[in-house]
Amino acid sequence: MKSLKNTIKTSIWLSLGLMLTILGSCKKEDSMKELGAAPTSAQVQFTATPTSTNANIINFKSTSPGFRAIWDFGNGATAEGTDAQASYPLAGTYTVKLTIVTDGGYASSTKTVVVANTNPAMLTDPAFTTLSGGLSNLTGKTWVIDQTQQGHLGVGPIGSQFPDWYQANPNEKATNGFYDDEMTFNMNSLKYTYANNGTTFANASNAPGIGGPTGTNDPTVNYTPPTNLTWLVTTVNGVKYITISNNGFIAYYLGVSQYQILSLTDDEMWLRCLDKSNAGNAWYLKLIRKGYVRPVVPPVQKPMQAANLTDDFQSTSSITWNAENMDYTRSYDNPSKFPVNTSAKVGYYEKRTGSDGQYGNLNVTMPYRFDLTTKNKIKLKVFFPGGNDFTKVGSTVSIKLQNSLLGGNAWTTQLEVVKTITPAQYNTWVQLEFDYSGWASETLYDKIVVQLGGEGHPNPGIFYIDDFEFK
């Protein structure tokens, strides 16, 4: 019996060993099949065929293996796909590069395309002439950063068309090698010249792309721009873009070469571009024609007026609140109808989770500036539920007066009063007063910002507000 048990045990272990050996060899064989041989440049083949209706428009077709084909048409434009098309309005010789990607790697090859004649009919978009001065301007038009204007450099969320997060103040980057850069657009051969006087201001995350350091601060990088750059204006779904060839860029290095034209005149332009290293960011640049002096226009100031504002968050109010990156409900059921607030309805204020909610607030901009010599105290009732995690979300109420003319930089000159709700005051209504009498002589402020739960952190919170008074 003992011998039979040993025989059975031995058979079981042999069977398990054989199964593991088979499985191991299968895995090894399967993993070896995951990667093929890397392609060679000789395998990267493509055809270039002028269209039958316009010899300056060329159809390209990749005849190469691989699951991805990436084109650089040598005219400032790029594309992806087995079949692609490119426009060459100007006569010249263009180097077209095709890169194919396979499961084993990637490879590239180039081919020259000769365009015999210029086709002026293809350069009818007025943006070509506005940017360059036209074909008759043999030296092209030079543009520089509009350093005296608010927001000449800015950044905002990818889903916006405005630099909501940051706008550079006038001359803020004077020591960064930014304002001496010159960008020249020439319509002849669509030549683009970037003269940086030896240094380029670069975004910290993207700076290594032009030999800059890795770090958290935007560096000034010693950089020599290439001389073989071209430019092109294209329209995609009604939106116009400037594209620079050969990884060229405009002044501030972000690792991208395509710029959306937000506005363009003979003397000024405003551009928007993406950020290679930070997919959630969109950047903005304001430029002017070199030598342009903007006419001095005195700012139009709103009239001064003593505030007379109330809101019980129930009946009709003179205030129309704007909920910025937070969730707000007007006329919400009062969670605790006890003194000091027995109102049936109040305002519901929810601070959002995540980066989008870090600076959420309620705000309103009035058609007048606040006369703080007459009315300078704001009252507000608040209710902080004890269920919030106050180790993560602030137990604070902040009311700020801002100058709306400063846009995204209004916070830099704001008047702010902050009140802290203590643990003993959780789950009860608290009457607060915000006193601005110490700033009675200030005359610039027309905007009110109400912020609960603190700022600069991604943690959520639920609060209630009622009986706002500024009168």
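Residue 189 satisfies every condition listed in (1) surrounded by fewer than 17 Cβ atoms within 10 Å (Cβ to Cβ); (2) part of a loop (DSSP other than H, G, I, E, B) except (2). Among the residues of the range 358-386, the one identified as within 19 Å of residue 458 (Cα to Cα) and either in contact with a His (Cβ under 9 Å, 6 or more places away or on another chain) or acidic (Asp, Glu) (or both) is 358. In the condition set (1) at pLDDT 90 or above; (2) buried (at least 19 other Cβ atoms within 10 Å of the Cβ); (3) closer than 30 Å to residue 292 by Cα; (4) over 29 Å from the mean Cα position of the chain (by Cα), residue 107 is compliant with all but (3).
Among the residues of the range 251-272, the ones that are out of contact with any Leu (no Cβ under 6 Å at 6 or more places or on another chain) and of a type in the set (A, V, I, L, M, F, W, C) come to 5 in all. Looking for something open to solvent by 60 Å² or more (accessible area, probe 1.4 Å) and within 19 Å of residue 454 (Cβ to Cβ) - is there at least one such residue anywhere in the range 365-381? Scanning the range 365-381, I find no residue that is open to solvent by 60 Å² or more (accessible area, probe 1.4 Å) and within 19 Å of residue 454 (Cβ to Cβ), so the answer is no. Listed by first and then second residue, the pairs linking a residue in the range 215-232 that is under 26 Å from residue 191 (Cα atoms) and open to solvent by 100 Å² or more (accessible area, probe 1.4 Å) to a residue that is part of a loop (DSSP other than H, G, I, E, B) and small (Gly, Ala, Ser), with Cβ atoms under 9 Å apart and 6 or more places separating them unless they lie on different chains, are 222/198; 222/211; 222/212; 224/198.
Filter the range 198-208 down to residues that are in contact with a strand residue (DSSP E or B) (Cβ under 8 Å, 6 or more places away or on another chain) and surrounded by fewer than 19 Cβ atoms within 10 Å (Cβ to Cβ) and give me whichever is farthest from residue 257 (Cα to Cα). It would help to see each step written out before you state the result.
Within the range 198-208, the subset in contact with a strand residue (DSSP E or B) (Cβ under 8 Å, 6 or more places away or on another chain) is 198-203, 206-207.
Still in the list and also surrounded by fewer than 19 Cβ atoms within 10 Å (Cβ to Cβ): 198-199.
Details: 198: 20, 199: 18 Å.
Only one residue fits best here, namely 198.
Criterion applied to 441, 398 was being among the hydroxyl-bearing types (Ser, Thr, Tyr) and either in contact with a Lys or Arg (Cβ under 6 Å, 6 or more places away or on another chain) or farther than 28 Å from residue 164 by Cβ (or both), and the one residue passing it is 441. Restricting the first member to the range 149-161 and to residues that are part of a loop (DSSP other than H, G, I, E, B), and the second to residues that are open to solvent by 10 Å² or more (accessible area, probe 1.4 Å), the beta-carbon pairs closer than 6 Å and six or more apart or on different chains are 149/286; 150/167; 151/167; 152/286; 158/280.
The values are calculated or read from the model by the stated rules, or taken from the named source; none is laboratory data. Source: prediction; values computed, not measured. Every residue, glycine as well, gets a Cβ built from its backbone with ideal geometry; the counts of neighbours run over all protein chains shown. Please note that ligands, DNA and RNA were not included when accessible areas were found on the heavy atoms of the full protein model with its side chains. Shrake-Rupley method; radii C 1.70, N 1.55, O 1.52, S 1.80 Å.
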